[in-house]
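Structure first, then comments.
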Amino acid sequence: MSDSKPTIVLVHGAWADASSWNAVSVPLQAEGYTVLAPPNELRGLTADAAYIASFLAQRTSGPVVLVGHSYGGAVITNAGAHGGDVKALVYVDAFIPDEGETVVGILEGSGSALAVADPTTVLDVAGYPGAPEGAAEAFLKPQTVHDAFAQDLPEADRWTIVATQRPASFVANVTPSAAPAWKTIPSWAVLGTEDRVIPIDTQRRMARRAGATITEVDASHVSMVSQPDATLEAIRAAAASIS
């Protein structure tokens, strides 16, 4: 890998793992980038961001392009200024919170398929060992994956998501965000216009507020899987901006 290129760190969101970045990481590696895709623990925004910041501090050297999908966007917003030499942020169908905001609050009134009165109509809920009092894990119901999360993927791929999804604790979605890294670090944003998890108007509002360089793509909430070229171009542009 070339020492002249920044390291690309890819942070997945809820109901996903590092393999959700495969369509992005493979081409970037072929272009000579060092690519790292750490696990996002999905247990709570404060702890998840601390883990990613620690990963950046220990596993990277030199400039970093930090990329987040969905809930991973909230994580990089909180981690980006606290570990490693992060020079650029890239948000992909992502939450881009300001200080004090929560994922649940951002989605309230947005028209999101997940912003429903009874979450158990779109999510399956289960307890987990060591959970804080009142906390539980949320899994996407199969119909939610097919209709709202990844509706532009082939059916077999949607069923793979159903089978392999990593659940997120409800705590992750109600933890207030801290001071955002996007206020001091340049950002790029890829917005899926057919995103039914974070509707496009909500994505646009957050991206514009962050001063991000915006690309829109006709894709679902998992545009980095269904149309990875848009994400690749945003990461390349972010990398090229680093002198």
Positive dipole terminus of region 1-146, leading residue within A117, Q58, A74 (C-beta point charges): Q58
Within straight-line cross-link reach of K5, lysines at Cα separation under 22 Å, skipping those fewer than 8 residues along the same chain: K87
Acute angle (nearest 10 degrees) that the helix 45-59 long axis makes with the longest principal axis of the chain, alpha-carbon atoms: 30
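Using the Cβ atoms and a cut-off under 13 Å, what net charge is assigned to the surroundings of R43, where Lys and Arg are +1 and Asp and Glu are -1? All intermediate terms of the calculation are to be shown ahead of the outcome.
Working: positive: R166; negative: E41, D48, E137.
Net charge around R43: -2.
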Shape metrics for region 21-174, restricted to C-alpha atoms - Rg then Dmax, Å: 16.4, 47
Degrees separating the helix 155-164 axis from the principal Cα axis of the chain, which is the longest one: 90
Protection proxy ranking of 151-158, 230-237, 126-133 - average other beta-carbon atoms within 10 Å, highest first: 230-237, 151-158, 126-133
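Region 191-243: D in µm²/s via Stokes-Einstein (Kirkwood Rh, Cα pairs, 20 °C, 1.002 mPa s)?
Working: Rh = 11.5 Å.
Translational D for this selection: 186 µm²/s.
Beyond 23 Å, what share of the Cα-Cα pairs of region 1-101 remains, rounded to the nearest whole percent? Could the numbers behind the result be given before it?
Values: 870 of 5050 pairs.
Tail of the P(r) past 23 Å holds 17 percent of the pairs.
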Theoretical ellipticity at 222 nm over the chain - DSSP helices of four or more residues, -39500 (n - 2.57) apiece, nearest 500: -9000 deg cm²/dmol
Cβ crowding within 10 Å averaged over residues, with 187-196, 109-118 ranked highest first: 187-196, 109-118
Inter-centroid distance (Cα atoms) of region 97-152 relative to region 221-243, Å: 26
J(HN,Hα) series, region 128-145, from Karplus relation 6.51 cos²θ - 1.76 cosθ + 1.60, nearest Hz, glycine and proline x: 8, x, x, 5, x, 4, x, 8, 7, 8, 10, 10, 6, 5, x, 5, 5, 4
Largest-first ellipsoid semi-axes for region 73-129, taking √(5λ) over the Cα gyration tensor eigenvalues, angstrom: 27, 15, 10
Range of Cα positions in region 91-243 per principal axis (Å), largest first: 47, 37, 28
Angle between the chain longest axis and helix 200-209 axis [Cα atoms, degrees, rounded to 10]: 40
Amide hydrogen neighbours beyond the local backbone of W188, cut-off 5 Å, H modeled: L89, V90, Y91, T213
Built amide H within the under 5 Å cut-off of N40, gap 5+: H12
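Quick note: the coordinates plus some simple rules give every number you see, no bench work behind them. Remember, it's a predicted structure, so these values are computed and weren't measured experimentally. Note that we place each Cβ from the backbone using ideal geometry, even for glycine, and neighbour counts take in every protein chain shown.
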